Amino acid sequence: MNTLFYKIKALRKQLIIWLFEHSQRIYTSMFKKHKSWNITKAELLKLPEPTFGRHLGEFLDKNNFELIPKVERHDCYHVLCGYSTKVEDEIALQCFCYGNGKRSPYLYGAIILGVTILPDYYKYYYTSYKTGKRANPFHHFDYKKLLNVSIKDLRTAIFSKSQLYNLNLSSL
């Protein structure tokens, strides 16, 4: 019985991954009208060690990603808040951003589908929402202009010491 439960959970996660991958292209072509950053992972990795941009490059490198044109800020949220790219973390990050005041059709869809398909993580999602609500607003920043800012300074401006500790970001 336990094996069946884990297989079904894995299938639900695969469904969400498939939905993310296919909806992303549609969303960026229909809703995102601004220009992409035109910055590569290699360029970010050349930035000095303590900068936000360097940490972004390292995140992309670790996950074997490049920035996705027109939605570059999404990976910035991962770096800033410390969420991984696991399915449950992707949904928790959306809940975090919702708590912080971000609103978009994609965010609503990700939260509704994520909580519906993976309710096993509801407590985690709700905790992420509350943490985002308590953080200083950051969803509206122009992250391209912040690439040379110290990641520590950026996080300190957004999160309290206890939030940094709870997000496991205090040592960075």
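The values are calculated or read from the model by the stated rules, or taken from the named source; none is laboratory data. Keep in mind it's a predicted model, so treat the numbers as computed, not measured. Here Cβ is always computed from backbone atoms with ideal geometry, including for glycine, and neighbour counts include all displayed protein chains.
Couple of notes before you dig in:
- Residue tally, condition in a helix (DSSP H, G or I), aliphatic (A, V, I, L, M) and crowded, with 16+ Cβ neighbours inside 10 Å, over segment 125-172: 5
- Selection status of L113, in contact with a Cys (Cβ under 8 Å, 6 or more places away or on another chain) and among the hydrophobic types (A, V, I, L, M, F, W, C): no
- Check on R134, in contact with a helix residue (DSSP H, G or I) (Cβ under 7 Å, 6 or more places away or on another chain), among the charged types (D, E, K, R) and closer than 25 Å to L60 by Cβ: no
- Residue within segment 161-168 that is modelled with pLDDT of 95 or more and either charged (D, E, K, R) or within 23 Å of S23 (Cα to Cα) (or both) present: no
- The one condition in (1) at pLDDT below 95; (2) surrounded by 16 or more Cβ atoms within 10 Å (Cβ to Cβ); (3) under 22 Å from T40 (Cβ atoms) that L107 fails to fulfil: (3)
- Test result for G82, surrounded by fewer than 20 Cβ atoms within 10 Å (Cβ to Cβ), closer than 17 Å to I16 by Cβ and either within 12 Å of the chain's Cα centre (by Cα) or among the small types (G, A, S) (or both): no
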